[in-house]
Every structure is written in C-alpha cells, then in structure tokens.
Amino acid sequence: MTATTPTAERPDIREMVVVHRAFRREFGASPAYVREVAPGDTARAALVADHLRLVMGGLEMHHTGEDVVLWPLLLERAAPSTGLVETMQAQHHAVDGYADQVGPLLAAWERGPTVEAGEELAALIERFTAALVEHLDLEEREILPLCLHHVTAAEWASMGDHGVEKMTKRQLPLLFGAVLEECDAAERRLMVSHLPAPVRLFLRTIGAWQYRRYVTALRGR
C-alpha cells in the first residue's frame with residue numbers, strides 16, 4: 001500500500017471530533033459534580049464516582065484503539081511527521097498517569113466524601129482535564145489531517161469497532177448517549193452508521209431512555 005490512501009478510501013475524521021466533544025464536556029463538568037456533593041452524602045458521591053469511572057473507561061477504550069491501530073500506522077506511513085506521533089504517544093502516557101492518580105482518590109472520596117477530599121479530587125480532575133484537552137486539541141489540529149492521507153476508511157473504522165467490542169451492556173447506551181447528546185442529525189447518522197441495525201434500534205429506543213434517566217439523576221434535570 002502507498003503512503004497516501006486513495007480519496008475514496010479516506011476516513012470521515014468528524015467521528016473523532018464528535019467523540020472528543022463528549023470527553024471535553026463530561027470531564028469539564030466533573031469537578032463541579034464532585035464539589036457539589038454534601039459532606040457525608042455517600043449516595044450522591046457513589047453516583048458521581050460511577051460517572052467518572054464510566055467516562056474514564058470510555059477514554060481508555062478510545063486511547064487503546066489509537067495505540068493499537070492509529071499510532072503504528074502513522075509511524076509507518078507518515079514520515080517526516082513521526083515526531084508528532086511520538087508526542088501524541090507521550091501525551092497519552094501523561095494523561096494515563098493522571099488517570100492512575102484519580103482512581104485511589106476517587107475511591108477514598110466515595111467512601112467518605114468530605115469538603116477536603118472533594119477539593120483534592122476536583123483539583124486533580126482539573127489537571128487531568130487540562131492535559132487531556134491539550135492532547136485532544138493537538139490531535140484535531142495536527143493528527144486528523146494526517147489520517148486523511150495515510151489511513152484507510154477500513155483501518156479507521158477498526159478503531160471504533162475495538163471500542164464497541166469492549167463496551168459492556170451497561171456502558172453501551174450510556175457512552176453512546178454521551179457521544180450523541182450534542183450531535184446534529186448528520187453527525188448522529190455518521191456515528192451509528194457502522195453499527196448493526198439491532199444496535200441502532202436499541203440506541204434510538206431503550207438505550208435513549210436509559211441515557212435520559214441516567215443524566216437526569218446525574219445533573220438533576
């Protein structure tokens with residue numbers, strides 16, 4: 001295969017922009033969720049902690065798909081831009097390092113939510129989110145144009161397939177609901193176009209109801 005893929009085989013990079021939008025929104029809102037939990041309210045802390053684990057799990061699946069599929073392809077085909085790819089890999093490691101720190105603090109705060117523990121956790125999530133947003137911004141600005149020239153549509157789709165295969169039955173409607181929440185009609189069609197018809201039907205019906213119930217409990221509206 002040549003370094004540049006034929007135009008007909010180019011991926012639709014809007015998919016990644018839509019996924020990133022959901023990560024920016026959910027992680028950006030999470031420090032406020034933590035700070036708003038009243039001291040001793042373990043039920044509310046459990047709900048917020050569960051949400052953080054959900055979106056962090058979604059991010060892990062997203063990054064794993066890139067690690068397994070995207071970075072090796074670009075390192076092979078996108079010279080002289082391989083230094084940029086290596087920067088993206090290093091940013092993944094930095095974001096993962098923050099995620100590793102969040103886990104223990106989140107568990108401790110969930111067991112005993114206090115103002116002090118909540119502030120420590122919220123501040124860490126803010127640092128985590130800043131590192132993540134820096135990574136997402138660079139990826140959209142520099143990596144996605146490379147994908148148009150060096151990655152086939154089938155290879156691109158395999159990243160999404162990896163994520164769907166890893167989702168549990170509970171995660172599927174909630175993560176897809178988060179991704180689809182701010183989509184316009186064209187984006188919504190794009191994001192579900194590769195899914196089997198039964199899954200698309202589920203997401204439009206029962207899955208949509210499950211997500212509405214979930215975010216109502218989380219956001220109080």
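Ranking LEU59, HIS149, VAL48 by Cα position along the charge dipole of region 13-157, where only Lys, Arg, Asp and Glu carry charges on their C-beta atoms, puts VAL48 farthest toward the positive end.
Taking all Cα-Cα distances within the chain, those exceeding 21 Å account for 58%. Once you reduce region 146-165 and region 88-123 to the center of their Cα atoms, the two points are 30 Å from each other.
Remark: region 86-100, residue by residue, has Karplus-estimated 3J(HN,Hα) of 5, 4, 4, 5, 5, 5, 4, 4, 5, 5, 4, x, 5, 4, 5 Hz, where x stands for each Gly or Pro and the curve is 6.51 cos²θ - 1.76 cosθ + 1.60 at θ = phi - 60°.
Report, in debye and to the nearest 20, how large the dipole of the chain comes out about its Cα centre when Lys and Arg carry +1 and Asp and Glu carry -1 on their Cβ.
Roughly 1060 debye, rounded to the nearest 20.
Highest mean packing first, where packing is the average number of other Cβ atoms within 10 Å per residue, the peptides 58-66, 31-39 line up as 58-66, 31-39.
Bear in mind these aren't lab numbers, they're just calculated from the coordinates by the rules spelled out. What you see is a predicted model; the values in this text were computed from it and never measured. Note that we place each Cβ from the backbone using ideal geometry, even for glycine, and neighbour counts take in every protein chain shown.
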